[in-house]
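Every number in this text was worked out from the coordinates using simple rules, so none of it is lab data. Predicted model only: the values in this text are computed from it and were never measured. When we count neighbours, we look across all protein chains shown, and the Cβ atoms used for this are built from the backbone with ideal geometry, even at glycine.
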Amino acid sequence: MFRSALTMANKSIFNLPLIKAKTITSGLKYSLATGNWGQANAAGTRAGVSQVLNRLTYASTLSHLRRLNSPIGREGKLAKPRQLHNSQWGMICPAETPEGQACGLVKNLALMVYITVGSAAYPILEEWGTENFEEISPSVIPQATKIFVNGMWVGVHRDPDMLVKTLRRLRRRVDVNTEVGVVRDIRLKELRIYTDYGRCSRPLFIVDNQRLLIKKKDIYPLQQRESAEEDGWHHLVAKGFIEYIDTEEEETTMISMTINDLVQARLRPDEAYSKTYTHCEIHPSLILGVCASIIPFPDHNQSPRNTYQSGMGKQAMGIYVTNYQFRMEDSVIMNQSSIDRGFFRSLFFRSYRDEEKKMGTLVKEDFGRPDRASTMGMRHGSYEKLDDDGLAPPVSMKERLFDQSEAYRVHVCETCGLIAIANLKKNSFECRGCKNKTDIVQVHIPYACKLLFQELMSMAITPRILTKGLKSAKGRK
Ligand SMILES: [Zn+2]
């Protein structure tokens, strides 16, 4: 593993007897396989650093990549860590969680949720008239609004209204990172700005005057665009139609569930639930995670059924198209040739490895058939099925294709080598190509060979079976 990656120049370093490349290789392999990083069974190792990505089906892969784990003992019977909190609405799927021990401790992100990766804090502190502590007298602090950046009090501002509006406007133009969270707490006279990593955020339509900022004329070019690279999602964010709101900022917003709620707020403000909407959900189904959002009519189910299906969806094996089969209620009709060509057949390889170890100069291991004279601790038994290399010989090609799988009988025209039509009941044979009805022989071929012939013929390639030197094939042998 490591050796092969080395260049000739530094190869000599690793060949020093002091460094065993195998130690690094096996250590790395151990860590990747178990997820335990750090020195094995020493203090300070980190568990769960790596995992084997689930590839059973596409949805299971996506779901695995959006999984959350709470590092709390599975035995704990305290219910609170397992229950969804109100602030997690729209961030964590309410249905997708395992049953039993890890219920509620293992969670899944909702579809559009984005975890912030963090951005620099200093460009935000230095501008827009924030007053440092060196500049202000303590007497102005009670009147002004305190500014916090990532939890740190950095100064005060006398016009927080303007500051919040500016920050939001800049964020919607992507002049300030879209990840940045702006939380104004009017009652406490605080403005909390977050630029750090690890916050859950989700996109929402921006609402102004109880109307979406995005209009039909903005949707049309989206539908018409030819490639995914053309002005897509990021364009909608950069134009200020959509913005990412984190859990803290969400507390200071009023979000309508549907566009109809906005219509209500405009037409019948007195009957509407609210007339001060600031945002609108992109779609109500985005509260679900990868597995739950592919359940048909989940809102018509009893909630545990959605949880069960979210678990079972991950166990399914995926196929990339289904249009070669025909479904009638609970049966499936599919064509024979897809089965013949290997549909639904699966195979897997298991690899074994060993090394010939050398201990000192005398004791040496060799691969081979053990014999009594030179083998230590040999057991009584029969070793005759082993080859000289110590491995059981693989079954021959003939055994594999004829004896272990079915053979297939065809009738071949001796004149041209094509497969002839045989009617065994009437005992009549005919080669369509040369109208020969007498010189026809029976040949057994492997079933795989018959499939290959059919495949070739479908590509307009004619396979011929030569049973002996062809009679009339103009001298060809
Ligand atoms: Zn023929």
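Points to keep in mind about this one:
- Normalised convex hull volume, the chain, alpha-carbon set, Å³ per residue: 390 Å³
- Pairwise label distance in nanometres, SER87 with ILE339, each label 7 Å out on the Cα-Cβ vector: 5.8 nm
- Inter-site label distance for MET457 and TRP153 at 7 Å from Cα along Cβ, in nm: 8.9 nm
- Residue separation of ASP371 and ILE294 scaled by 0.36 nm, minus their Cα-Cα distance, works out to 21.6 nm of gained length.
- Among PRO94, ILE24, GLY151 - extreme Cα towards positive end, dipole of the chain, charges at beta-carbon: ILE24
- Gyration tensor verdict on region 36-84 (Cα atoms; rounded if a/c is under 1.5, prolate if a/b is larger than b/c, oblate otherwise): oblate
- Entries in LYS357/LYS385; LYS29/LYS358; LYS80/LYS165; LYS146/LYS216 that, when Cα-Cα distance is taken, lie over 32 Å: LYS80/LYS165; LYS146/LYS216
- Nonlocal amide H pairs with ALA420, under 5 Å, H built at 1.01 Å: HIS411, VAL412, CYS413
- Dipole moment magnitude, nearest 20 debye, the chain about Cα centre, only Lys, Arg, Asp, Glu C-beta charged: 2300 debye
- Extreme residue, positive dipole direction of the chain, given options ALA47, HIS64, LEU424 (C-beta unit charges): LEU424
- Across all C-alpha atoms in region 112-243, the radius of gyration and Dmax reach 17.5, 61 Å.
- FRET efficiency estimate (nearest 0.05) - Cβ-Cβ, ASN301 to ALA79, R0 25 angstrom: 0.60
- The charge dipole of region 389-463, taken about its Cα centre with unit charges on the Cβ atoms of Lys, Arg (+1), Asp and Glu (-1) only, comes to about 460 debye.
- A cysteine counts as unpartnered when no other cysteine's C-beta lies under 4.7 Å of its own; in the chain this applies to CYS93, CYS103, CYS200, CYS280, CYS291, CYS416, CYS434, CYS449.
- Rounded to the nearest 10 degrees, the inclination of helix 447-458 to the longest alpha-carbon principal axis of the chain is 70 degrees.
- Net lengthening on full extension, ALA448/LYS189 (0.36 nm per residue, minus Cα-Cα): 85.3 nm
- By the rule of a C-alpha distance below 30 Å, with chain neighbours fewer than 8 residues away ignored, the lysines paired with LYS426 are LYS435, LYS437, LYS450, LYS468, LYS471.
- Label-point gap, in nm, between GLN143 and THR467 - each point 7 angstrom along Cα→Cβ: 11.2 nm
- Where both bridge residues fall in the chain, DSSP classifies roughly 85% of the beta bridges as antiparallel.
- The ratio of the alpha-carbon radius of gyration of region 400-475 to the globular-protein estimate 2.2 N^0.38 Å is 1.14.
- Note on region 323-414: with charges restricted to the Cβ of Lys and Arg (+1) and Asp and Glu (-1), its dipole about the Cα centre is near 240 debye.
- Length released on extending from TYR220 to LEU424, taking residue separation times 0.36 nm less the Cα-Cα span: 66.8 nm
- In the chain, taking the dipole from charged Cβ atoms about the Cα centre, the farthest positive-side position among PRO284, PHE241, SER310 is held by SER310.
- Figure legend: label point modelled 7 angstrom from the Cα of ALA21 along Cα→Cβ; residues of region 354-382 with amide N under 19 Å from it are 354-358.
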